[in-house]
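The values are calculated or read from the model by the stated rules, or taken from the named source; none is laboratory data. Keep in mind that this is a model prediction, so the values were computed, not measured. Neighbour counts are summed over all protein chains in view; Cβ atoms, including those assigned to glycine, are modelled from backbone coordinates with ideal geometry. Surface accessibility is based on the protein's heavy atoms, side chains included, excluding ligands, DNA and RNA. Shrake-Rupley method; radii C 1.70, N 1.55, O 1.52, S 1.80 Å.
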Amino acid sequence: PPASPPKMVTFDELMAAARNLTDLTLAHEIAVNANFCIKHEDLPQNSLVGTVKRIVHKAFWDHLESELNEDPPEYEHAIKLFEEIKEILLSFLTPGANRIQNQICEVLDTDLIRQQAEHNAVDIHGLANYIINTMGKLCAPIRDNDIKQLKATDNIVELLRQIFHVLDLMKMDMANYTIQCLRPYLQRNLVDYERTKFQEILEETPSALDLTTEWIKESIEDELSSISDESSSSSGADHSSKSNISPTLVLNNGYLKLLQWDYHKTIPETLITDEVRLQELREKLNQLKIIACVCLITNNMVGAAIVDVPDFADQLKRVSVPLLEGMSKKTFDLKEALNAIGVQICSKVNGSLSERGLPTLNAETQNNLMGQIASIVEENNPVCSLIDKRIQLFMKSLLALPSFQKCMPAVPGGLSVIQTEMEFVGSQYASIVNFNKQVYGPFYANILRKLLFPEAPIGKTETEAPTN
């Protein structure tokens, strides 16, 4: 039958979906990232936006200074600033702070200040001092030094400029305090909140699961291909194998793909909130893979010479880690880094041999060792492929555990040098996966039912729960 005509999405619906996605992403980040906070960042000095902002601000403050230096002074721009400061101070107050609210409104009454200006009777320094004292009562302790610096500023224009700067910092502090207060609530209710928000997005944008469906479909095809390879006869096996595939296994294999995902292409919609964390884990695993390869090659070539040296593998790791920093950057030259690692390791091995009065490595052995380390970068390098398979096996075993927090799977051979780091990365990865299953399990179940059991009537019994 012909496909259904695509649903036309209005601009308002699109914006509503975008707002929901922003809310979902922000709530998720606050709940799962204990270090999430709003930071004050100055624009780079040489940036176009930074240059324009400085020019406009300088023009504004220069104009204000010229107005106040007139005879008589012109206060209209200053009055507007006091009005804005009053609104900002009032925004810091908690419900019930009626006394200080009334005082702020009384002292910074712009109608009264305007009347005083008409008679050239504005005590602008007195108003500024009141504002500074009020800010001192309302600010966080971390801003006490900023308040002291305000009190030491005599030039009224510079003082007003610095007052706005400190008020911006106070607004940031207030936002971070609000985030801190929200975090426990979000952590308790995040699963339901995210699921509800995503359902709203899905209602506004029916295509919001297209990439997720494709991701699961690819995982099913990979599993069918694996079954087909193991099966002695492939004819007619496709349909029967499909019905026997475990939905949980399909999902777990899909999650494993994320550790080798090309993050230049869009990630499945249900994983957008953790995209940055998953990318960081992938990059960390790539670094650990290189370190494990370096150690395995070194042990295979000169293991007899260093077998009695305690913690020599850790020494090799300490040599490699600094030279692999920034591996994820486009400008990083892995081949050059591996060459440098090879030189350092030869030096380390020779140093150890010399300390024990043993002959150092000859030139041929050193060149061979450095050559094998440098070849890690080559496609289909056997050592790299072996380590990669063992890392994938460890992660797959981790996802299969009923509770990864109570125990960790055994680390495959060749990974012992990076065991601590692997367990740490694995724990972070499993946490992301398990939480994602809790939130999006019902959506995955519907997709899996349609792909694995297309002939089953709608509303039939759930497939094997993918939230396990």
Helices (runs of 4 or more DSSP H) lying entirely in the stretch 247-328 (those with 2 or more residues that are assigned by the TED database to the domain that holds residue 377, on the phi < 0 side of the Ramachandran plot and touching a residue at least 24 places away in the same chain (Cβ under 8 Å)): 275-306, 312-323
Enumeration of residues in the stretch 382-403 that are over 15 Å from residue 433 (Cα atoms) and either without any contact (Cβ under 8 Å) to a residue 12 or more places away in the chain or not assigned by the TED database to the domain that holds residue 425 (or both): 382, 385, 389
For the stretch 351-371, enumerate the residues that are touching a helix residue (DSSP H, G or I) at 6+ places or on another chain (Cβ under 9 Å), in a helix (DSSP H, G or I) and open to solvent by less than 70 Å² (accessible area, probe 1.4 Å). 352, 353, 365, 366, 369, 370, 371
Requiring at least 3 residues that are closer than 24 Å to residue 86 by Cβ and at pLDDT 85 or above, the helices (runs of 4 or more DSSP H) wholly within the stretch 125-241 are 144-151, 156-204
Regarding residue 67, is this residue free of Cβ contacts under 8 Å to residues at least 12 places away in the same chain and open to solvent by less than 50 Å² (accessible area, probe 1.4 Å)? yes
Identify, from the list 287, 279, the residue that is open to solvent by 20 Å² or more (accessible area, probe 1.4 Å), within 23 Å of the chain's Cα centre (by Cα) and at pLDDT 90 or above. 279
Kindly indicate whether any position in the stretch 97-106 is under 40 Å from the mean Cα position of the chain (by Cα) and either surrounded by fewer than 15 Cβ atoms within 10 Å (Cβ to Cβ) or assigned by the TED database to the domain that holds residue 140 (or both). yes
If a residue has to be in contact with a Phe, Trp or Tyr (Cβ under 8 Å, 6 or more places away or on another chain) and assigned to a loop (DSSP other than H, G, I, E, B) to count, how many in the stretch 72-110 make the cut? 1
Within the stretch 145-177, take every residue that is of a type outside the set (A, V, I, L, M, F, W, C), more than 20 Å from the chain's Cα centre (by Cα) and over 30 Å from residue 63 (Cα atoms) and give me the one that is surrounded by the most Cβ atoms within 10 Å (Cβ to Cβ). 173
Being open to solvent by less than 70 Å² (accessible area, probe 1.4 Å) and either under 22 Å from the mean Cα position of the chain (by Cα) or in contact (Cβ under 8 Å) with a residue 40 or more places away in the chain (or both) narrows it down to one residue among 425, 411; which is it? 425
Checking the structure you have, find out if any residue of the stretch 192-202 is surrounded by fewer than 16 Cβ atoms within 10 Å (Cβ to Cβ) and basic (Lys, Arg). no
Among the residues that make up the stretch 53-63, is at least one of them of a type in the set (A, V, I, L, M), open to solvent by 70 Å² or more (accessible area, probe 1.4 Å), closer than 30 Å to residue 122 by Cα and part of a helix (DSSP H, G or I)? yes
Looking at 348, 389, which one is open to solvent by 70 Å² or more (accessible area, probe 1.4 Å), outside any loop (DSSP other than H, G, I, E, B) and modelled with pLDDT under 90? 348
